[in-house]
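Report on the structure given below.
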Amino acid sequence: MASRFLTLADVTEILNISAPQAYALVRSGELPAIQIGGRGVWRVEATELEGYIQRMYEQTRARNAAEAAADTAG
């Protein structure tokens, strides 16, 4: 069974980003996460990470379409 929650280290590996970048995504709220335990260790639900990835795909498609439309109009 796949783990429900991921560490920020898992997120950095999956997205191929640095630890500070992952932390910034969580702190900004762009990637929803929770803090667990007395030390406040961050955990990201796997479904939230998948949702974030899908949102990034959608934003990229929209940006590409807007750029293509601007190139055609210009």
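The values are calculated or read from the model by the stated rules, or taken from the named source; none is laboratory data. Treat the numbers as computed from the prediction; the structure is a model and nothing was measured. Neighbour counts are summed over all protein chains in view; Cβ atoms, including those assigned to glycine, are modelled from backbone coordinates with ideal geometry. We work out accessible area using only protein heavy atoms, side chains counted, and drop any ligands, DNA or RNA first. Shrake-Rupley method; radii C 1.70, N 1.55, O 1.52, S 1.80 Å.
Points to keep in mind about this one:
- Length released on extending from Arg4 to Arg55, taking residue separation times 0.36 nm less the Cα-Cα span: 16.4 nm
- Distance in nm between pseudo-label sites at Glu30 and Asn64 (7 Å out along the Cβ direction from Cα): 1.9 nm
- Of the peptides 50-59, 6-15, 21-30, the ranking by mean beta-carbon count within 10 Å, highest at the top, reads 6-15, 21-30, 50-59.
- Based on the convex hull around the alpha carbon atoms, the chain presents an average projected area of 6.3 nm².
- In the full protein context, the chain carries 73 Å² of accessible surface per residue, based on a 1.4 Å probe and ignoring ligands, DNA and RNA.
- Placing unit charges on the Cβ atoms only, positive for Lys and Arg and negative for Asp and Glu, gives the chain a dipole magnitude near 260 debye about its Cα centre.
- Taking label positions 7 Å along the Cα-Cβ direction at both Gln21 and Asp71, the computed distance is 2.4 nm, reported to one decimal.
- Computed [θ] at 222 nm, helices only, for the chain once each DSSP H run of length n ≥ 4 contributes -39500 (n - 2.57): -20500 deg cm²/dmol
- Against the main long axis of the alpha-carbon atoms of the chain, helix 19-28 sits at an angle near 80°.
- Within the accessible area of the chain, the carbon and sulfur atoms contribute 53%, probe 1.4 Å, all protein chains present.
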